[in-house]
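What follows is a set of notes on a single structure, which appears directly below.
The values are calculated or read from the model by the stated rules, or taken from the named source; none is laboratory data. No experiment lies behind these values; they were computed from the predicted model shown. All Cβ positions, glycine included, derive from the backbone under ideal geometry; neighbour counts span all protein chains shown. Side chains are part of the model used for accessible areas, which takes the heavy atoms of the whole protein and leaves out ligands, DNA and RNA. Shrake-Rupley method; radii C 1.70, N 1.55, O 1.52, S 1.80 Å.
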Amino acid sequence: MLEDLSIKDFALIDSASVEFGSGFTVLSGETGAGKSLLIGALTFLLGGKAGVEQIRAGAHESVVSGTFYLGKSPAYIRELDENEEPANAFEWLSLHGIEAEDNRVLLRRVIRENGKSGAWIGSTPVTRTDLAEFSSFLIDIHGQHEHQSLMKVSEHRKFLDSYAGLTERVGAFTSLYSELVSKRKILDALNTDDRERSQRIDLLNFAVKEITEAKLKPNEDVELDDEENKLSSFEKLYSDVEQINGVLSGGEGSSVVSALKKLRSVADSATNSDRALQKLGERLDSAFYEISDIADEYKSYAASLVFDPARLAEVQERQTLIYNLKKKYASSVSSPLSEVTAYLEKAQKTLEELDNSSDRKEKLEKEINELGKKVYLEAKSISAARKEAAAKMAAGVVKVLSALGMNGTRFSVNVAEKQGSELTQKCGPYGIDDIEFLISANPGQPLQPLAKIASGGELSRVMLSLKTILCESDTTGESTVGTMIFDEIDTGIGGEVAVSIGSHLKGLAKNRQVLCITHLASIAVYADNQIKIEKAVSDGKTSTHVHEILGEERVSEIARMLSGDADSSQSLEHARAMLSKFGGIN
């Protein structure tokens, strides 16, 4: 249940804070006052699209927050993994590591002038998708666009499946059907032309033979590059090393080693004269031994240097082989050699699959046959459940429509088996049925598709009927949202029909919170609470104000809704009479 809503700098709303009670609440106000802005702010809070145009002129950001009471915590909250769908708000919060305080959560959302937005559940930042997913457990907003969903035959199945409690089962069936389709595609690929398959095997065999015979070693290309560089620059390398040897250990008395040796002797003499020089003498010793060792290694390296033109030719030939292999089997000639070996492994695996394709095809055909039977049987079982529920659903809709002023209306949920000779033709991702709502609003008229003949007012009442029986069909209460909001439910109606809708909404609000935007007094008088939205101009700026109305202020508002005149004694008297009769207010 929505307990309170705070709005700051949203559209024309400067600042508003509204508390909502349980039961039936009506939102009213003059045309253009901004009644839909309140629903817009709430939709934004619940994860709707955000845009900088929603920020009030002159402000830097819009902020909307609301407190929701989740009801009593279930006796058992399942521990879900990432692949499981939560069944209620408590399971969703548990899955995302968020705790409710006193079974309440605070939702908050911000849109800034730079286009960036943020959302929080409690103190936890969440994505817009997360917010929308979670809020779907809290509120069901029914607006004019939802009337239009009745015009889409594809949506009719969703209503029936929801009523029949088949939504999750159909979801599992969709996964099963997708698996069947996927296996069929694999089989089709295996059944490609034998000539094409044979050519592919030849190409892969050639590649495997060529790469295998090369007997490649890990990082061989890098090692060969280093060796080729050494062999091809032998003369320069030899000259450099000889020059180093000359400096380090050349002629007696002119080399670094000889100089250090002489310095050691002098340093020892200096240390005998002053013990403070001992550490410097020791460092000079270390330098002498280190340089002497380096000189010896350079001599040894020079002695090992041998120019081998035959080896250079071998290395260059091997480099050419690896270059050609990379050109054929790697993404580029500069790629690591591991790409060639990876191609070899993949080619060997593909060859194994192609060689065993007959066995695999036989196994796959068996799997498809068994899966096809499973899909068909489940589709038939779902269809039977739909047909059983369809009759009950139709009867429930007719009962509610009668209470909403559509006496004599016939309503039918037509469940027909898809046409086709093949399983994949007769079955779709949602089963074997084509589902469509049919209606006859006038006695003596045949049933016809709802999408073709219903008026706006009739669509509103059919949708209200569907919403009502969907709520009634949920015996556990776990999947039903705690708050239902109706925007423009009074489209195309008036008079006695409006009275019946008001009465119906009040009855619907006995078990859940119902909010309704309306311009009809006949609906408003049934409300347990009434909130007024007003537009005002101050200092040349237009703003919208929201507040609850009680007592005489409510009487005055009902009078305005009745006749457009909130001060007429007749209107006021009529308003008091209606509130007393339908709202139980004296």
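The table that follows gives values for the structure above.
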item	result
For segment 104-225, with +1 on Lys and Arg beta carbons and -1 on Asp and Glu, the positive-most of 154, 204, 182 along the dipole	154
Net charge dipole size for the chain [Lys, Arg +1 and Asp, Glu -1 on Cβ; Debye, nearest 20]	1860 debye
From phi via Karplus (6.51, -1.76, 1.60), per-residue ³J(HN,Hα) for segment 22-32 in Hz, x at Gly/Pro	7, x, 9, 10, 10, 10, 10, x, 5, 4, x
Candidate lysines - alpha carbon under 29 Å from residue 327, same-chain residues fewer than 8 apart omitted	209, 215, 217, 230, 346, 349
Percentage relative contact order, the chain, counting C-alpha pairs under 8 Å, at least six apart	22 percent
DSSP beta bridge pairing in the chain, given as percent antiparallel to the nearest 5	75 percent
Residue-normalised accessible area of the chain, given per residue in Å² at a 1.4 Å probe	55 Å²
Lysines whose Cα lies under 20 Å from that of residue 535, excluding same-chain neighbours fewer than 8 positions away	8, 35
Sequence ranges 539-546, 135-142, 513-520, 323-330, ranked by mean other-Cβ count within 10 angstrom, highest first	513-520, 135-142, 323-330, 539-546
³J(HN,Hα), Karplus 6.51/-1.76/1.60, whole Hz, each residue of segment 45-50, x for Gly, Pro	4, 8, x, x, 4, 10
Partners for residue 299 among aspartates and glutamates (Cα-Cα distance below 14 Å; same-chain residues under 8 apart left out)	240, 242
Over 30 Å between alpha carbons, listed pairs 185/392; 363/426; 72/387; 116/541; 328/363	185/392; 72/387; 328/363
Tilt relative to the chain, helix 338-355 - C-alpha long axis, 0 to 90 degrees, to 10	60 degrees
